[in-house]
Amino acid sequence: MNTEILSILLFFVVTAALSYPLGRYIAGVYSGRGGLVDRIFGPIEQVMFRLSGIDPKREMNWQEHLKALLTINMIWFLWAMFVLLNQGWLPWNPDGNPSMTPDLAFNTAISFIVNCNLQHYSGETGASYFSQIFALMFLQFVSAGTGLAAGAVVFNAMRQRTAVQLGNFYDYFLKSCTRILLPISFVAALFLIADGVPMNLAEGKDTIVTLQGDTVQVSRGPVAGFVAIKQAGTNGGGYYGTNSAHPLENPTVWTNLLENFLILLIPMAFVFALGFYLKKQRLAWMIFGVMTAGFLIILGTTVWSELRGNPAIDQLGLAQTSGSMEGKELRFGAGLSALWSISTTATSNGSVNAMHDSFTPLAGGMQMLDMMINSLYGGVGVGFLNFYVFIILATFIGGLMVGRTPELLGKKVEAREMKIAMLVALLHPFLILLGTAIAAFYTAQGHPMAANWLNNPGFHGFSEMLYEFTSASANNGSGFEGLGDNNTFWNISTGLVLILSRYLPIIGPVAIAGLLAEKKYIPESAGTLRPDSATFGTLVFAVIVIIAALSFFPALTLGPIAEFLSL
Amino acid sequence: MKHKKSTPLFAPELVREAVREALIKLDPRRMWRNPVMFTVEIGTFVMLAVCILILAGDTTQGSFGYNFSIFVLLFLTLVFANFAESLAEARGKAQAASLRKTREETPAKVIMDEMGSYALRSSNELKKGDRFVCETGDLIPADGEIIEGIATIDESAITGESAPVIREAGGDKSSVTGGTKVLSDRIVVEVTTLPGESFLDKMIALVEGASRQKTPNEIALNILLAGFTLVFIIVCTTLPAFAQYASTPVTIAALISLFVCLIPTTIGGLLSAIGIAGMDRALRANVIAKSGKAVETAGDVDTLLLDKTGTITIGNRKATHFYAAPGVEQAELIRAAAIGSMADETPEGKSIVELARQFQFNPAAINLEEARFVKFTAETRSSGVDLSNGVRIRKGAFDAIKNIVEKAGCQFPEEVAVEVKGIAANGGTPLVVIENERVMGSIELQDIIKPGIRERFERLRKMGVKTVMVTGDNPLTARFIAEQAGVDDFIAEAKPEDKMAYIRAEQGQGKLVAMMGDGTNDAPALAQADVGVAMNSGTAAAKEAGNMVDLDNDPTKLIEVVEIGKQLLMTRGTLTTFSIANDVAKYFAIVPALFAAGIPALDTLNIMRLSSPESAILSAVIFNAIIIPLLVPLALRGVSYRPIGASALLRRNLLVYGLGGVVAPFVGIKMIDLVVGIFL
């Protein structure tokens, strides 16, 4: 057991340590630093810009950035719909999988474009190689690139003294893809292939004979490339239906560690990138410190709960030397599954290597809490945007407490910014609690529609519903499973939640940063609140606990907490 | 600092007035302006409806006594919140009433024609541009500018300062305020304001809260509080569905109690009181802010422009040294200087005689009966005495005396010239003394820096405020005094344009600038500055241009104004923090109580071990209600500001009001529960 804890800690330290230089590199990408990287990628990007008729030098204000972001997302959506609806006759379909039905295509396209990757299909039977690559994997790249680019706009806005123009969106977006996501995914894919993850285009299913003598069809395809960006871009959508629990998607402990590393890498690096970009390392450390404190508390609780096992089994007199192993892969074990589950929920990734439904109640609660906060590192780019809203709220309260009207990095935080920040902060509890309340209401009423929703009654059933809406609102995409969610109610309700909870939390912070950038710059003095102090970090942490965590306290009480206390 | 008698916080007459007002404010049309408390009011109405339902026979909501208690407690919460605001207003009104006493009808001697004949009119009938006469013993009927004459005036009615002041036509001391009294002489005054719009009238309206508007920061804070309220509306409206699923029905009383306890009622109830109290605190320091925003802005000031004289130095210079010319005995110089100053009534002159005494000079031994005194004039820039024996003694500025000496065909000694430059470089003002045409030597006058001013500037520096000294002195002297006093920068040989340019330059860097001024030529700078404090003795133009007026005419008041502004903002911030931090304990009191019946396992969450669900809910609501009046003194007095740097201040306030806000309700609710438990 101790080796598991030790290896988790070692893993965390190594990941954080490697994300630091990556952060410096990302800052360089957005600062337009030249050098070797520019010589390699510059020409490719030039060709793309020339083909699309975009002038990457044309500066945009924050409204134009958002317009560009939403427009390009709309176009991708239409493209993905086209591919998914027509994959049956399009090339690269060796297994002869049929085209998707319109509602399934809609659900799939939306959930991939918002970086959530709820999957109501199974990759083996539901998607062609062409769709996997040109619709799904493509969206995994560009949706991650969208998040990173939006983050870069906020970076730029935070750096400005007084400015309206904040760089070119397409430039940020393309560089995010070519210079950050592509190289990382490429290298990671090579490692995955080396460890046995398939990567082929021509052949369809393979046939093997198992030890029991059964003949089994095994799907293959461009898996390694898909899995690399699925993790690096905090997408989470698996090539196979069972995601990273599938032995070809995540064959060994080493691929497991690599994938887990990829889940955390860019979200962590993005925080350091802010420090390098603004030349405010201390600020980055404050943010990283707060995120890490929250992450480790949640991780610690989960690991403890999982390694401890299920008290009900203890009472039966059965030993649980490996911890709670229900729903977990033997090759990963309880500890690494706990680590994965917290990494994937913290970063809005959503890929799973174990059944979250089967985790101990407390661990399940921690996974939900992770997604309710949704900014302990968070999704690529957008995790920082969520955190930025908490910084704004903490700045307002903290600024008053030092006897000045609040200011962040020399810009006054006033009514308009507060309005936006509050709306974004409200959105998450609103969507989760309202959605769950409606579902709980139908279930309690015994509505026929709700008859087959829940596999489990009582608190656990409540957790299943709460988890589903939390996952949707956090753009996470993982499921507690055990919930019958492939029906009209869940498809529509979570679909709406997905769209709202993706775009509003991007629009809000970009607007705040843009508004602040336009304001007069006020130089710092001894009386100014410094956002890079440990004290301020504590305040941000408290704001997160009180707004993000405590507003879900009653709901969590009726789900995982009640279940935990009843065991 | 002179302060008017301070009214006790809970003076009975104020409390009575405030309670009455608090009840009137329950009108929903007025509560609407405060979204947080408005939702509490809705909750109160719902509880009233529940009570009626129970009386009508409903049995699902628990006992009547319990529900009625919740209703009463919510009602009290509302009254307490309104009481805080009313008390602040009542204090303002009391202050205003004492000002208004001076506004009672006063007869005015209005000039009717060119010949100067006048008729008696009521002050209410005065129009702008009317001229009236005031003589010894008259009350000045309206605000105006002296256009003729000079008078000593008792302004104690508005300033509380009993020493009379001199006001005269022309210059910067020409304005008079209605309600003050002429003690001597006769002046002709032109009315500058319409009746009911005089300076005092505006002030009174302001402090009474009639024209009070929410400041930008208050609006932003209100958005934050409304946001928190919305979060908890979501939390509480979704709970019944959850509870229904869990088959543990929640009573309306429990739900509304949870809601009211979670929303930031503490700060919501105290917010407007804090704002009013901020202006009131300024008023108590005898500063009238024209708007709440001005006080708020004062807290943000980055740069303070301070006049040297009166702020940094005591108004008068003092003689500190005698330097004899070559070939002149020290005693001779002292004697000449002292005799030449004995008739000089200026503080400088007196200080020369004072210093001479220390060198065994005896003024009583000098007979000046036959002597003729020569007064200082701007032209000669020297003064002195012609003795009966024909000896002429003069003392004055270096170049003026040099002129006299050289006109008489004598040589001005080089050594004295060097000495004079040395004095100036040392921050002193040199005077040269001559007897007939013979140069006797020089006297050094030094500015006396106010005791304690260095520490005040140090305090300002720690607040992050830069101090700038404005002086007419030459750069050498200015630099010396600036260093002595510890200001960060200075403007020497300052003309009004220089002040203006400095303010613009600072503002160009994004800084907020505060300054104080009195003269008409200060008006543009006062208007340009973000916080302009005009002295009440100043011209009407200056007062109009500034956004605050200091009734005491005390130049150091700026420093106090900055602290009042900071206090105001800090009080808002700390009470918001306290209010929100309270939620942690309230969750742990109410949430287990909500589901206690249906899910016994949740009793583990009852970490305070409250005696029963009803008691837990009642205790939380009681705590939530009484914390408001308990914090009223803090809201009205303000959180004390300590210049220890922003980070240290944040740490301190976070510890006291954040951590304190988490811990206090745990203790408070538990204690109340112990008492409530007895009755249940």
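Take residue B:59 and decide whether it is among the hydroxyl-bearing types (Ser, Thr, Tyr) and either modelled with pLDDT of 95 or more or not in a helix (DSSP H, G or I) (or both).
Criteria met by residue B:59.
Out of the residues in the range A:75-98 that are without any contact (Cβ under 8 Å) to a residue 12 or more places away in the chain and part of a helix (DSSP H, G or I), state the one that is nearest to residue A:129 (Cα to Cα).
Ranking the qualifying residues of the range A:75-98, first place goes to A:82.
Whether any residue in the range B:563-576 is more than 8 Å from chain A (Cβ to nearest Cβ), in contact with a strand residue (DSSP E or B) (Cβ under 9 Å, 6 or more places away or on another chain) and under 30 Å from residue B:525 (Cβ atoms) is what I want to check.
yes
Return a yes/no flag: does the range B:600-623 have any residue that is touching a helix residue (DSSP H, G or I) at 6+ places or on another chain (Cβ under 8 Å), surrounded by 23 or more Cβ atoms within 10 Å (Cβ to Cβ), within 30 Å of residue A:529 (Cβ to Cβ) and at pLDDT 90 or above.
no
Could you tell me which numbered condition residue A:520 fails, if it satisfies all but one of (1) farther than 30 Å from residue A:164 by Cα; (2) at the interface with chain B (Cβ under 7 Å from one of its Cβ atoms)?
Of the numbered conditions (1) farther than 30 Å from residue A:164 by Cα; (2) at the interface with chain B (Cβ under 7 Å from one of its Cβ atoms), the odd one out for residue A:520 is (1).
State whether the residues of the range B:400-418 include one that is within 14 Å of residue B:442 (Cβ to Cβ), in contact with a helix residue (DSSP H, G or I) (Cβ under 7 Å, 6 or more places away or on another chain), modelled with pLDDT of 85 or more and not in a loop (DSSP other than H, G, I, E, B).
Scanning the range B:400-418, I find no residue that is within 14 Å of residue B:442 (Cβ to Cβ), in contact with a helix residue (DSSP H, G or I) (Cβ under 7 Å, 6 or more places away or on another chain), modelled with pLDDT of 85 or more and not in a loop (DSSP other than H, G, I, E, B), so the answer is no.
Check whether at least one residue in the range B:545-559 is β-branched (Val, Ile, Thr) and out of contact with any Lys or Arg (no Cβ under 9 Å at 6 or more places or on another chain), and report yes or no.
Checking the range B:545-559: not a single residue is β-branched (Val, Ile, Thr) and out of contact with any Lys or Arg (no Cβ under 9 Å at 6 or more places or on another chain).
One residue is enough: does the range B:132-141 have a residue meeting the conditions closer than 28 Å to residue B:554 by Cα, crowded, with 18+ Cβ neighbours inside 10 Å and modelled with pLDDT under 75?
Taking every residue of the range B:132-141 in turn, none turns out to be closer than 28 Å to residue B:554 by Cα, crowded, with 18+ Cβ neighbours inside 10 Å and modelled with pLDDT under 75.
Based on what the data block shows, is residue A:418 out of contact with any strand residue (DSSP E or B) (no Cβ under 9 Å at 6 or more places or on another chain) and free of Cβ contacts under 8 Å to residues at least 40 places away in the same chain?
Judged against the criteria, residue A:418 is a match.
Can you list the helices (runs of 4 or more DSSP H) found entirely within the range A:347-466 that contain at least 1 residues being closer than 22 Å to residue A:492 by Cα and more than 9 Å from chain B (Cβ to nearest Cβ)?
The qualifying helices (runs of 4 or more DSSP H) are A:361-373, A:415-445.
Do we find that residue A:540 is within 12 Å of chain B (Cβ to nearest Cβ), at pLDDT 90 or above, surrounded by fewer than 18 Cβ atoms within 10 Å (Cβ to Cβ) and out of contact with any Leu (no Cβ under 7 Å at 6 or more places or on another chain) in this structure?
no
Of all the residues that make up the range A:477-509, how many are under 16 Å from residue A:374 (Cβ atoms), in contact with a helix residue (DSSP H, G or I) (Cβ under 6 Å, 6 or more places away or on another chain) and modelled with pLDDT under 90?
Within the range A:477-509, residues that are under 16 Å from residue A:374 (Cβ atoms), in contact with a helix residue (DSSP H, G or I) (Cβ under 6 Å, 6 or more places away or on another chain) and modelled with pLDDT under 90 number 2.
Count, please, the residues in the range B:70-91 that happen to be buried (at least 22 other Cβ atoms within 10 Å of the Cβ) and over 16 Å from residue B:259 (Cβ atoms).
Residues flagged as buried (at least 22 other Cβ atoms within 10 Å of the Cβ) and over 16 Å from residue B:259 (Cβ atoms) within the range B:70-91 amount to 11.
Given the conditions (1) at pLDDT 90 or above; (2) not in a helix (DSSP H, G or I), report the number of the one that residue A:49 does not fulfil.
Here residue A:49 clears every test but (2).
Among the residues of the range B:641-648, is there at least one that is touching a helix residue (DSSP H, G or I) at 6+ places or on another chain (Cβ under 9 Å) and more than 10 Å from chain A (Cβ to nearest Cβ)?
No, there is no match, as no residue in the range B:641-648 is touching a helix residue (DSSP H, G or I) at 6+ places or on another chain (Cβ under 9 Å) and more than 10 Å from chain A (Cβ to nearest Cβ).
Under the condition of being closer than 21 Å to residue A:397 by Cα and facing chain A (nearest Cβ under 9 Å), which residue from the range B:580-599 is surrounded by the most Cβ atoms within 10 Å (Cβ to Cβ)?
Among residues in the range B:580-599 that are closer than 21 Å to residue A:397 by Cα and facing chain A (nearest Cβ under 9 Å), the one surrounded by the most Cβ atoms within 10 Å (Cβ to Cβ) is B:580.
For the range B:230-266, give me the residue count where each residue is of a type in the set (S, T, N, Q), within 10 Å of chain A (Cβ to nearest Cβ) and in a helix (DSSP H, G or I).
Count: 3.
On the basis of being facing chain B (nearest Cβ under 10 Å) and either more than 20 Å from the chain's Cα centre (by Cα) or buried (at least 19 other Cβ atoms within 10 Å of the Cβ) (or both), does residue A:482 make the cut?
No: the conditions fail for residue A:482.
Kindly list the number of the only condition in (1) without any contact (Cβ under 8 Å) to a residue 12 or more places away in the chain; (2) crowded, with 22+ Cβ neighbours inside 10 Å that fails for residue A:297.
Result: residue A:297 passes all but (2).
Taking the range B:624-648, which residues are surrounded by fewer than 23 Cβ atoms within 10 Å (Cβ to Cβ), farther than 25 Å from residue B:78 by Cβ and not β-branched (Val, Ile, Thr)?
Result: B:640, B:641, B:642, B:643, B:645, B:647, B:648.
So which residues in the range A:548-567 are under 30 Å from residue A:275 (Cα atoms) and facing another protein chain (nearest Cβ under 7 Å), if there are any at all?
Result: A:550, single match.
If I ask for residues that are without any contact (Cβ under 8 Å) to a residue 40 or more places away in the chain and buried (at least 17 other Cβ atoms within 10 Å of the Cβ), which ones from the range B:12-57 would you list?
Listed by number, the residues that qualify are B:38, B:41, B:44, B:51, B:54.
Taking the criterion of being at negative phi, in contact with a Lys or Arg (Cβ under 9 Å, 6 or more places away or on another chain) and at the interface with chain A (Cβ under 10 Å from one of its Cβ atoms), would at least one residue in the range B:651-667 satisfy it?
yes
What number goes with the only condition from (1) at positive phi; (2) in a helix (DSSP H, G or I) that residue B:541 does not pass?
(1)
Out of B:647, B:615, I need the residue that is assigned to a helix (DSSP H, G or I) and under 24 Å from residue B:249 (Cα atoms). Which one?
Residue meeting the stated conditions: B:615.
When the range B:357-397 is examined, which residues are found to be in contact with a strand residue (DSSP E or B) (Cβ under 8 Å, 6 or more places away or on another chain) and hydrophobic (A, V, I, L, M, F, W, C)?
Matches in the range B:357-397: B:359, B:368, B:371, B:373, B:374, B:376, B:385, B:387, B:391, B:393, B:397.
Just to be sure before I move on: is residue A:277 in a helix (DSSP H, G or I), of a type in the set (Ser, Thr, Tyr) and touching a residue at least 60 places away in the same chain (Cβ under 8 Å) in the structure I sent?
Yes: the conditions hold for residue A:277.
Please find, within the range A:523-537, the residue that is nearest to the other protein chains (Cβ to nearest Cβ) out of those that are in contact (Cβ under 8 Å) with a residue 40 or more places away in the chain and out of contact with any Leu (no Cβ under 8 Å at 6 or more places or on another chain).
Of everything passing the filter in the range A:523-537, A:527 is nearest to the other protein chains (Cβ to nearest Cβ).
The values are calculated or read from the model by the stated rules, or taken from the named source; none is laboratory data. As the structure is a computational prediction, the values presented were derived from the model and not from experiment. Ideal geometry is used to build each Cβ from the backbone, glycine not excepted, and the neighbour counts take in all protein chains shown.
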